[in-house]
Amino acid sequence: MPDRGGGPTGPRIRVGRPSRRVRTLLMTLGVLAVLAMVFVMFAGFWTDWLWYRSVHYSSVFTTTLWTKIGLFFVFGLLMAAAVGFNIWLAHRLRPPLSAMSMEQQSLDRYRMSIAPYKRWLLLGITALVGLIAGASASGQWRTWLMWVNGVPFNQKDPEFHLDVSFYAFDLPWYRFLLGFGFAAAVLSLIAAALTHYLYGGLRITSPGARATAAATGHLSVLLGIFVALKAVAYWLDRYGLAVKSSDFKATGNWTGLRYVDANAYLPAKTILFCIAVICALLFFATLWRRTWQLPVIGFGLMVLSAILIGGLYPAIVQKFQVQPNEQAKEAPYVEKNLKATREAYGIDGTDVTDYPGSSNTKDKTKLRDDADTAASIRLMDPNVASPTFQQLQQVRNYYGFPLNLDVDRYTKDGKAQDTVIGLRELNLQGIPKNNWINDHFRYTHGYGAVAAKGTTADDEGRPVFTEYDLPSRGDLGTYQQQIYYGEKTSQYSIVGGPQKEIDYSDDSGEKTTSYKGKSGVNLANPLNRAAYAVAFSEPQILYSGAIGDGSRILYNRTPKERVEAVAPWLTIDGDAYPAVVNKKIQWVVDAYTTTNGYPYASRTTLGDTTADSLTAANNQRAVVAQQNQVNYIRNSVKATVDAYTGEVKLYQWDTEDPVLKTWMKAFPNTVEPKRSISPELMDHLRYPQDLFKVQRELLTRYHVKDAETFLSGSEVWQVPDDPTNKSGSAVPPYYLSMKLPGETSQAFSLTTTLTPNGRDNLSAFVSVNAEAGTSEYGKISILKLPTGKTVDGPKRVQSQFNSEPAIAESIRLLRGGDSEVEYGNLLTVPLDGGLLYVEPVYVRGGDLKYPLLRKVLVTYGGSTAFENTLGEALNKVFGADGTTAPPPEEGTTKPPTSSNPTVQEALDDAQKAFEAGQKALKEYDWEAYGQAQKDLEDALKRAEDAQAEADRTGNSASKNPDKSSGQSSDKGSDRTSAQSSEPSGSPSPGSG
């Protein structure tokens, strides 16, 4: 061994091979590293399997897994076999060494260097291309399942007269096979050519023949296969024209054949197909002729034909035949596009009715009465009221509400009423101290629903809660209140073990609980604990003493995540909403089946179409499907997620949708039939917003049915920007109980307005019946305004509000100090030929961190009012009082008289304080208003104490006085009284 360092007397350092102990240590470390990597991969697989089994959708996991594995191995082996066989064949057909040229002799050292490893090199190359091809093929599991399980649409395209299922299910799979074939041919050709060159079958610089006969025949066959595949591509391209997207100047985005496609591209593809077949046969003929002359000529002819026939000829047809008379030439194809697009998006049954836009009714009292019954005007905007819910009903800092509340219907005394609802979900940012135990073991769930009437507010502008406090109580009755699954619940929790959870807190202190549901994955098994410790990168899961018998880990806890996981073939709506059904809180999730293979139907980008001012303002609501392009969509599935157990149920909603039927064949027993939906759940199902937003976008063009009008662009509409904010984004659609002209009763509807392209006047009012379970559900109605008459749209109405001197001055006063004014939803209601606009106005005061309803803006027929209540505003706009005032809300009666003089005196003082507060409110005298509220509270307290003393001593027989502070004297007012508390379900701010 060589010595290093040291002199004759210096130390001698021996350098050589590592000792056996070091080699053993390195080998052990290597084995451990490999085992660790294997376990990491196993942990991901194992935890996925455990989760799917816990939600009882293991068949989804296994079907998807085996499909991916099958595609991976089949196409991976096919690719590896194709490339490997051609490398082997090229090696087998190599010329003898004696025939090698000087050029090839220079490559001898490369051949010699790979000779000992050629088998391993061959295996390595084939394995690499096989892995890449297999991984790519496994990503096509949806395409495979749709092809093998495809159900016919029983509708034929107008050009080739093939069932739509061919384009939706078959054509995508054929295109994949074609792409795989091209990749295999090209890779085999490259591998064979390199092998032939390395072993002398091909020569580049040497004189004489450039290729041996064997190499010529081999490569010619591969080129022939490539050209044959090109012929197949030309043939499939003919059908692809029916689903091809292009830019059409007259209409913008276009899908399907146009005149130039049918009369130039279609015959061109047929001719090119024939040429490619002939060219492929010429390449195959080199097996006998051993010459490249004819194949090269044929290939050149094919390329030249592709340029002339496939490119130049269609351009000439477009320039000299179509453009001089475009409308006449394109009209037949536009009609096909109109019909297909309307069918594909479910807007073919849209009812378009002419609407005058102004009323001819002279009787002001009748108009005023009709305004009371035309709609249940929602003054409580769910997109503004969330901070108010948060401040008044949060109760504890570790609870929170979503930024956008939801609108639903609940029945009381046999009458359905629009309700704003939100769940008090867990907010980990608000817990006293963040640590692993608190975040994942103690604070695990939210508690209770909070609901308020959508059409009213109390005299302080607060919501009139119908479900409130902690634990929640009110009109919703008894139900399971713990919320383990919700929109804000994104972290995992470990429940059910030795560590107790905080349930809720009340005046008597904290209440603890232990999860009794069967949701989640059991962590008692050490293997499961180790797998989750790796999957979640949290080693404490493996050894923590807080985990024991009965411990279960909950994750994938948002409704959207759970439905996406159990049904990966569905597109999920961006807004899940809660409903109290059968004594449980259920999240309702709308889901869609889509395809981009519906012939002649124009495509739309879901992410762009479903974006509006709400999605732009916050990220609470996900934009559906991001940037997926589709040209067919159905709300085919209604899903529910239990807020306590996490149980996911999928219900078939569209019983005729062939795409859903296809997926139900692929994943049997995952979707329950529509008849399984309970009547109680049916009462809370509604028409989804994202689907309506897609449909209204299409209706801006496709509301017309004749090609001439469509091509002229004279009837193009647009979705207006939201006038209540400066986001510049589209106005969202609004849920509203209303009745259309000619109807006798209100129906829960989803509504929007449309304006002319580039202008701010109104073109149409669009609504869809959102009341599930009724025969009219899903019916879209358009009230079309006259084109020769200017009717103000939302932006103009908002501008009128802001430009009225009296209103502008009132707004300025409301903004006094550091107060902020927030505009609520601008609602549009058809009324006796005209349009009634209503907009609630909120004020967020200096010390108040939440908005309160202070004013209501109303306009009708050019008359505008800005008053404290909707009733006052309507009276002013119509110049008449309604003859049938709505029944008073619960708790709005005036304080009763009492035989006890002390009580009566206190009640009189309360009435005076209330009237003083109302006067101060109208004059925007906030200091006087605050003093009046203090006097009111003091008077009510004296009355309560005096009555309690009278009841205790038995000196008075009078009833206990109602704590209501009185009611507004304004006829037709929609607000409840100022201090109605428990009787109306509206607790005071201090109750939180």
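Data table
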{"read-out": "Residue within region 80-90 that is in a helix (DSSP H, G or I), touching a Gly at 6+ places or on another chain (Cβ under 6 Å) and modelled with pLDDT of 85 or more present", "value": "yes"}
{"read-out": "Residue within region 422-439 that is within 26 Å of E867 (Cα to Cα) and either assigned to a loop (DSSP other than H, G, I, E, B) or not basic (K, R) (or both) present", "value": "no"}
{"read-out": "Test for L426: is it closer than 22 Å to P559 by Cα and surrounded by fewer than 22 Cβ atoms within 10 Å (Cβ to Cβ)", "value": "no"}
{"read-out": "Qualifying residue in region 766-780 (condition: within 19 Å of G357 (Cα to Cα), buried (at least 18 other Cβ atoms within 10 Å of the Cβ) and touching a Pro at 6+ places or on another chain (Cβ under 6 Å))", "value": "no"}
{"read-out": "Pair list, Cβ under 7 Å, 6 or more apart: region 130-155 residue over 14 Å from T595 (Cα atoms), other residue surrounded by fewer than 16 Cβ atoms within 10 Å (Cβ to Cβ)", "value": "G130/L77; G134/F73; N149/K665"}
{"read-out": "Every residue from region 347-404 that is of a type in the set (K, R) and closer than 20 Å to M738 by Cα", "value": "K366, R368, R378"}
{"read-out": "Complete set of residues in region 821-841 that are closer than 22 Å to A457 by Cβ and part of a strand (DSSP E or B)", "value": "V821, E822, Y823, L827, T828, V829, L836, Y837, V838, E839, P840, V841"}
{"read-out": "Hits in region 693-710 (condition: of a type outside the set (A, V, I, L, M, F, W, C), within 10 Å of L338 (Cα to Cα), surrounded by fewer than 24 Cβ atoms within 10 Å (Cβ to Cβ) and over 24 Å from the mean Cα position of the chain (by Cα))", "value": "K705, D706"}
{"read-out": "When residues of region 548-594 are limited to those that are in a loop (DSSP other than H, G, I, E, B) and aliphatic (A, V, I, L, M), the one farthest from P668 (Cα to Cα)", "value": "A576"}
{"read-out": "Region 740-763, subset crowded, with 18+ Cβ neighbours inside 10 Å and in a loop (DSSP other than H, G, I, E, B), residue modelled with the lowest pLDDT", "value": "D760"}
{"read-out": "Any hit, region 163-171, residues being surrounded by 17 or more Cβ atoms within 10 Å (Cβ to Cβ), under 40 Å from the mean Cα position of the chain (by Cα) and without any contact (Cβ under 8 Å) to a residue 12 or more places away in the chain", "value": "yes"}
{"read-out": "Single match in D654, D690 (criterion: in a loop (DSSP other than H, G, I, E, B), within 22 Å of the chain's Cα centre (by Cα), at pLDDT below 95 and under 24 Å from T605 (Cα atoms))", "value": "D654"}
{"read-out": "Single condition I309 does not satisfy, out of (1) closer than 14 Å to G224 by Cα; (2) of a type in the set (V, I, T); (3) surrounded by 18 or more Cβ atoms within 10 Å (Cβ to Cβ)", "value": "(1)"}
{"read-out": "Contacts under 9 angstrom Cβ, first residue in region 371-395 being of a type in the set (F, W, Y), partner surrounded by fewer than 21 Cβ atoms within 10 Å (Cβ to Cβ), 6 or more apart", "value": "F389/Y850"}
{"read-out": "Test for A385: is it of a type outside the set (S, T, N, Q) and surrounded by 19 or more Cβ atoms within 10 Å (Cβ to Cβ)", "value": "yes"}
{"read-out": "Filter result for the condition that a residue is surrounded by fewer than 20 Cβ atoms within 10 Å (Cβ to Cβ) and under 11 Å from R424 (Cα atoms), over D469, D439", "value": "D469"}
{"read-out": "Residue, surrounded by the most Cβ atoms within 10 Å (Cβ to Cβ), within region 842-869, restricted to residues that are in a loop (DSSP other than H, G, I, E, B) and in contact with a Gly (Cβ under 6 Å, 6 or more places away or on another chain)", "value": "G861"}
{"read-out": "Test result for A242, buried (at least 17 other Cβ atoms within 10 Å of the Cβ) and modelled with pLDDT of 90 or more", "value": "yes"}
{"read-out": "Test: residue in region 42-62 that is out of contact with any Gly (no Cβ under 7 Å at 6 or more places or on another chain), at pLDDT below 80 and not in a strand (DSSP E or B)", "value": "no"}
{"read-out": "Test: residue in region 655-677 that is surrounded by fewer than 20 Cβ atoms within 10 Å (Cβ to Cβ) and either aromatic (F, W, Y) or under 25 Å from L405 (Cα atoms) (or both)", "value": "yes"}
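The values are calculated or read from the model by the stated rules, or taken from the named source; none is laboratory data. Just so it is clear, the model here is predicted, and its values are computed rather than measured. Note that each Cβ is placed from the backbone with ideal geometry, even for glycine, and that neighbours are counted across all protein chains shown.
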